[in-house]
Amino acid sequence: RKPGPKPLQSSSPKTQYLILYNFVNAVLWLTVLGRVVLLVPLVGFGRVYPGVGRFCKWTQTLAVLEVVHAATGLVRAPIGTTAMQVASRLLLVWGVVDTFPFLAKSAGYSSMLIAWSVTEVVRYSYFVFTLSGYSPGFISWLRYNLFYVLYPLGISSECWLIYKAIEPAKEIRQELAWLLQLILFVYVPGSYILFTHMMAQRRKVMRGKQ
């Protein structure tokens, strides 16, 4: 007979902290997703930022802890790709949208938040279950398959916002515009590295399920 779900594997402070951390983030990103999904049909893309922008900015900033987790060995995660992903998102919420909030009136801002929030709700929920000793097949499938759609949607939205920020950046300082152009230039190889990393993770997980 197929065994049932396992109980909580560990009651150590480390495990309890990680469960709490992931649960809180899942709830925060679910809130972001809910707000975007409600605001777009009710008030349009132009009013999404006033309704969720500040909340999303600080929710994403909380992800800095993930770099700390990887650097200290609290979780087994490559610090390079973790830092790259967190830094790119902080660039968007602080360096681009917070500096040029009018860019958030576009559909590209809302599509970026949808891609981010769905990804994070699934990812953090997956960690909550696995750290608690469960192996939810459906959430696992979502985690290792949805990125084929969500990652290109998120990256294309991010690139569009950075591109649209270049011209207004020139009015502040030419060097800032050059910096954004450089970032946009490295986004392609950077996104390729992250995408192939996720594909490698998927192959590893799928092999383990066979």
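Observations on the structure shown:
- Within the stretch 106-159, the set of residues being within 20 Å of residue 190 (Cβ to Cβ), open to solvent by less than 50 Å² (accessible area, probe 1.4 Å) and aromatic (Phe, Trp, Tyr) comprises 116, 147, 151.
- Evaluation of residue 131 against the conditions (1) modelled with pLDDT of 90 or more; (2) under 22 Å from residue 192 (Cα atoms) shows that the sole unmet condition is (2).
- Residue within the stretch 179-192 that is under 24 Å from residue 25 (Cβ atoms), open to solvent by 50 Å² or more (accessible area, probe 1.4 Å) and more than 17 Å from the chain's Cα centre (by Cα) present: no
- The set of residues from the stretch 120-169 being under 19 Å from residue 24 (Cα atoms), free of Cβ contacts under 8 Å to residues at least 60 places away in the same chain and among the β-branched types (Val, Ile, Thr) comprises 122, 130, 139.
The values are calculated or read from the model by the stated rules, or taken from the named source; none is laboratory data. All figures in this text were calculated on a predicted structure; none of them were measured in a lab. Quick reminder, even Gly has a Cβ in these numbers, built from the backbone with ideal geometry, and neighbours come from all protein chains shown. Each accessible area value is taken on the protein alone, full model and side chains, heavy atoms only, with ligands, DNA and RNA left out. Shrake-Rupley method; radii C 1.70, N 1.55, O 1.52, S 1.80 Å.
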